[in-house]
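Working notes, structure below.
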Amino acid sequence: MFETEDEDLKYTLKWLVPNSQKNDMEPIIITLQPGGQYKEDKPHEGEEFGYVLTGSIFLHLGDKKNKVRKGESFYFKPRANHYISNPGKNEAKVVWVSTPPMF
């Protein structure tokens with residue numbers, strides 16, 4: 001499984017399917033350390049889905065911020081800037097699927 005890490009933003013990204021960037025959708029696992037966030041993404045075509053495996057996160061969509069807890073999911077069309085953050089004191093893990101591939 002291919003993995004990349006950003007120590008400044010405090011996240012690790014793992015691709016669940018090798019070379020999935022060439023497919024129609026791209027499933028990954030993002031691990032956010034406490035106080036971490038994934039980089040902000042600009043609006044684009046497609047759809048995104050996530051499921052929180054552990055911890056809780058904030059999903060930032062434009063000016064809106066939604067809390068998503070362990071066992072909950074989110075789905076959206078990325079028509080505004082968006083990213084996830086971990087405001088908690090524990091690690092958070094999220095399965096994220098993007099179409100088209102963005103990671």
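The values are calculated or read from the model by the stated rules, or taken from the named source; none is laboratory data. Just so it is clear, the model here is predicted, and its values are computed rather than measured. Here the Cβ is made from the backbone with ideal geometry for all residues, glycine too, and neighbour counts use every protein chain on show.
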* Asked: Only one residue in 85, 98 is of a type in the set (Ser, Thr, Tyr) and modelled with pLDDT of 95 or more. Which one?
  -> 85
* Structure fact -> Of the residues in segment 77-96, those that are out of contact with any Lys or Arg (no Cβ under 9 Å at 6 or more places or on another chain), surrounded by 15 or more Cβ atoms within 10 Å (Cβ to Cβ) and closer than 16 Å to residue 43 by Cα come to 84
* Looking only at residues in segment 46-76 that are over 14 Å from residue 26 (Cβ atoms) and acidic (Asp, Glu), which one is surrounded by the most Cβ atoms within 10 Å (Cβ to Cβ)? -> 72
